[in-house]
Amino acid sequence: MSKDYGDYQLEEGGRGEAKEKESVSRRSLLSIGWIASLVSLIGPGLANIRYLFPNVLYETPTAFKLRKPAEYPPNSISFEEDRRLFVFNDRHGFRAMSAVCTHLRCTVGPFGPGKGATSRCPCHGSLFDKQGRVLSGPAPRSLDFFRLTESPDGRLQVDTQDIVSADMYFKV
Amino acid sequence: MDDASGTLGKSKVSRLVNWIVSTRVWRSIIRHGNPDNDLDRMQAVFTNFFLHIMPARVHVHTLRPTATLGLGVIALFLFFILIITGVLLMFYYVPSVDRAYNDMKDLQFVVSYGVILRNMHRWAAHGMVAAVFIHMCRVFYTGSYKPPREFNWVLGVVLWVLTMFLSFTGYLLPWDQLAFWAITVGSSIAAYPPLMGDTIRFMLLGGQEVGQGALLRFYVLHVAILPIVISMVLAVHLWRVRKDGGLARPREGAGGAHPTSAVGSGDWDTGKTYGLMALARGVTPVVGTQAPEEEVTAWPHLTFRLLVVFVATLTAVTAVSLLFDAPLEEIANPTHPPNPSKAPWYFLGLQELVSYSALVGGVIVPGLAVLGIMLIPYIDYSPEAEGVWFTSDRGRKLAWKSSLAGAVSVPILIILNAQFGLRTLWANAPQIMVDIVNPATALLIGMAIFSSTVVRRTGSRRLGAIALFSSFLGALIVLTIIGTFFRGANWVFVLPWEQTGAGH
Ligand code: HEM
Ligand code: FES
């Protein structure tokens with residue numbers, strides 16, 4: 001005796017051998033069902049992971065204005081505390097160097113006076129020179145330099161996403 | 001309850017108790033009789049939802065304080081204390097960068113008993129990190145990870161890592177200087193794994209910087225996700241303790257463990273049969289492995305001990321909380337790290353390693369260490385002397401020697417690095433070289449060679465495991481001590497009494 005389940009003919013009593021008419025065995029039908037239901041979880045799973053990555057960030061903008069060039073004394077290093085960067089003004093022009101340590105993002109300390117002045121990171125003691133190079137400590141790479149431009153109202157302007165080489169000067 | 005009347009006397013109180021216990025309401029809640037005989041004692045455990053995680057009868061070895069030092073139970077009770085105090089703190093704490101810090105101040109100065117709850121939560125968290133770690137050491141040194149307990153050891157390592165995450169996420173919530181910079185540094189370590197790093201950090205922080213997004217994420221992890229995950233893994237952990245046959249204990253005749261001393265006579269009444277409640281399929285305390293007179297009923301022998309440990313734990317946490325206030329620094333200042341800027345003590349060993357190379361010290365070495373610890377029972381599965389501290393006298397000596405070796409090699413490596421470190425000899429060495437040649441890698445390789453030599457010389461994997469684990473332990477303790485007491489402003493070496501920075 002057999003019952004008719006649409007296309008699939010199953011033998012009464014379940015596990016019996018497949019009949020000739022049967023195109024899919026009970027076992028493979030069930031495995032397909034299991035696999036399909038598991039596969040169907042992948043999409044929602046990925047969607048939930050994607051959900052964790054915000055599309056809009058309400059963070060401090062990466063491009064911002066500094067002071068007017070004339071407000072930085074010649075041959076000086078100024079520390080812009082709120083922006084975590086140094087502004088160098090020497091005879092070649094202006095440069096902006098990140099004060100965010102390349103090791104684990106602490107703010108590096110101030111430069112002393114003098115030619116060979118260095119800056120030390122308080123967190124794990126990395127030591128940087130005025131070119132941003134690592135002299136010692138765990139920092140894996142030099143401090144970043146950012147492109148400087150002049151804003152329409154005559155102030156220096158920085159974009160921290162625009163990284164430039166250490167010998168790129170901005171001349172007023 | 002006719003049998004009780006004789007012992008209880010005729011005072012009004014005992015008559016009242018007898019009446020309550022015999023009411024229809026009481027008997028609908030507690031189904032078993034007065035636990036004054038073994039059958040009812042076992043039912044007291046067996047029929048109670050909260051107690052039935054325990055076996056109805058336990059082996060006397062399990063109850064000896066020296067067998068477990070009660071550490072798993074202490075960790076568990078600290079976790080309970082954390083949940084209760086933590087939920088209470090949630091009534092006042094708002095995870096917003098504008099409010100979080102002020103809410104902490106309110107808890108300290110405005111809310112009645114707020115400061116004590118906050119202290120208890122903080123100190124219990126420190127205690128739990130310590131208890132879980134020492135529990136792991138006790139399980140290791142008593143060889144309690146041997147088959148069939150391999151997987152429960154793995155679950156334990158998972159619980160250890162989750163506990164560390166739990167305390168790490170909680171650390172940000174006060175939004176003070178300590179919190180902000182510890183999380184800035186910690187989440188930057190998460191950016192070091194190649195390829196995935198920046199994505200992981202972005203997902204963890206919900207942005208590019210430690211700000212509102214990060215605070216909210218850490219809060220949700222701390223109060224919801226991690227406690228729930230820990231509770232679930234913990235449930236399996238404790239269930240596995242039973243299913244693996246109770247706690248590991250010395251085999252009969254394996255020296256030691258004679259089943260009388262610690263617990264007293266045990267009132268096992270041999271004429272009786274106890275039916276299914278005492279028996280289950282597979283390895284249980286009863287099946288074939290032990291004689292009935294080696295075990296006692298869990299009620300009251302185990303339950304009473306649990307109560308004692310709980311009261312002791314709660315008392316200790318309360319006492320510490322009355323005496324010492326949890327630290328709260330100035331409000332977070334995202335531009336200016338405190339100097340020195342230190343992680344909590346249980347991460348300072350890691351911070352010391354990170355100060356040579358973030359990739360190796362912060363990602364690779366800890367990752368391999370956790371993996372290596374997880375794999376211990378799959379490498380050493382010899383059924384040697386389980387449940388015996390250090391396995392043998394030889395094991396005990398080896399444990400001391402290897403932890404000493406680990407401890408001594410740390411300062412030696414640090415001094416060598418300071419004198420002949422790669423950057424001091426070769427200032428422009430490429431980063432990959434700096435990552436490879438540093439104290440963390442040297443430690444790891446040294447330990448691997450050391451322990452495989454022990455295995456080859458002695459032919460015992462257990463001794464090899466002891467060498468590996470002990471040298472790891474010695475090194476970790478010394479690294480933590482150095483990070484805590486010998487690192488000052490700008491992370492330069494100082495002597496402990498010259499410390500200026502904030503401690504915690
Ligand atoms: C949230 C953290 C943890 C809690 C609350 C916890 C709780 C417990 C408890 C209550 C016991 C019963 C015996 C005792 O008190 O020692 C136990 C046993 C055990 N634990 Fe844990 N544990 C935790 C983490 C760990 C860790 C980190 C490991 C090791 C990597 C571990 C491995 C084991 C093993 C293998 C046993 C069975 C020991 C034996 O048979 O003697 N557990 N745990
Ligand atoms: S963050 Fe600067 S040295 Fe680690």
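Taken together, the values in this text are just the output of simple stated rules run on the coordinates, not laboratory data. Only a predicted model underlies this, so the values are computations on that prediction, with no experimental measurement involved. For neighbour counting, all protein chains shown are included, and Cβ atoms are generated from backbone atoms with ideal geometry for every residue, glycine included.
In plain terms, the chain from B:Phe485 to B:Ala312 could stretch by 59.3 nm, reckoned as 0.36 nm per residue minus the Cα-Cα distance.
Put simply, the convex hull of the Cα atoms in chain A casts, on average, a shadow of 19.1 nm². The spacing between region B:342-397 and region A:45-102, judged by their C-alpha centroids, is 41 Å. Distance between the pseudo-spin-label points of B:Val370 and B:Phe493 (7 Å out from Cα toward the beta carbon): 3.1 nm. Given a cut-off of 24 Å, name the pairs among B:Lys342/B:Lys401; B:Lys146/B:Lys243; A:Lys68/A:Lys171; A:Lys68/A:Lys130; B:Lys243/B:Lys401 whose C-alpha atoms lie farther apart than that in the structure shown. Violating the 24 Å limit, Cα to Cα: B:Lys342/B:Lys401; B:Lys243/B:Lys401.
For a quick check of your reading of the filter: which chymotrypsin sites (Phe, Trp or Tyr not before Pro) in region B:104-153 sit in a DSSP loop and have no more than 12 other Cβ atoms within 10 Å?
B:Tyr113
Applying the Kirkwood pairwise sum to the alpha-carbon positions of region A:102-153 produces a hydrodynamic radius of 11.9 angstrom. Dividing the Cα radius of gyration of region B:348-504 by 2.2 N^0.38 Å, with N the residue count, gives 1.15. Look at A:Ser119, B:Ser22, A:Ser98, B:Ser382 and count the other Cβ atoms within 10 Å of each Cβ; fewest to most, that gives B:Ser22, B:Ser382, A:Ser98, A:Ser119. Spin-label pair B:Arg99-B:Ile412: with each label point 7 Å from Cα along the Cα-Cβ axis, the two points sit 5.7 nm from one another. Taking a ≥ b ≥ c as the square roots of the Cα gyration tensor eigenvalues, chain B comes out oblate, since a/c reaches at least 1.5 and a/b does not exceed b/c. Our analysis of region B:426-480 gives Rg over Rh at 1.15, with the two radii drawn from alpha carbon positions and Rh computed by the Kirkwood formula. Once the Cβ-Cβ distance between B:Gln419 and B:Thr453 is put in as r, and R0 is 41 Å, what FRET efficiency do you end up with, to the nearest 0.05? Taking R0 as 41 Å, the efficiency between B:Gln419 and B:Thr453 is 0.90. Size descriptors for the protein assembly as shown (Cα atoms only): Rg and Dmax, in that order, 31.4, 104 Å. Database note for the protein assembly as shown: Cys without another Cys beta carbon under 4.7 angstrom, B:Cys137.
Were the residues from B:Lys401 through B:Asp198 laid out at 0.36 nm apart, the gain over their Cα-Cα distance would be 68.9 nm. Here the calculated FRET efficiency for B:Gln108 and B:Val161, from their Cβ-Cβ distance with R0 = 35 Å, stands at 0.65, rounded to the nearest 0.05. In chain A, the sites counted are GluC sites (Glu not before Pro) in DSSP loop states with at most 16 other Cβ atoms within 10 Å, and the longest stretch holding none of them, exclusive of the sites, is A:82-172. Extents of region B:33-82, taken as max minus min of Cα coordinates on every principal axis and listed largest first, are 33, 27, 14 Å. Note on A:Asn48/A:Thr149: beta-carbon distance plugged into 1/(1 + (r/R0)^6) with R0 of 41 Å gives a FRET efficiency of 0.50. Simple spin-label estimate for A:Ala63 and A:Met168 gives 1.4 nm between the two label positions (7 Å along the Cα-to-Cβ direction from each Cα).
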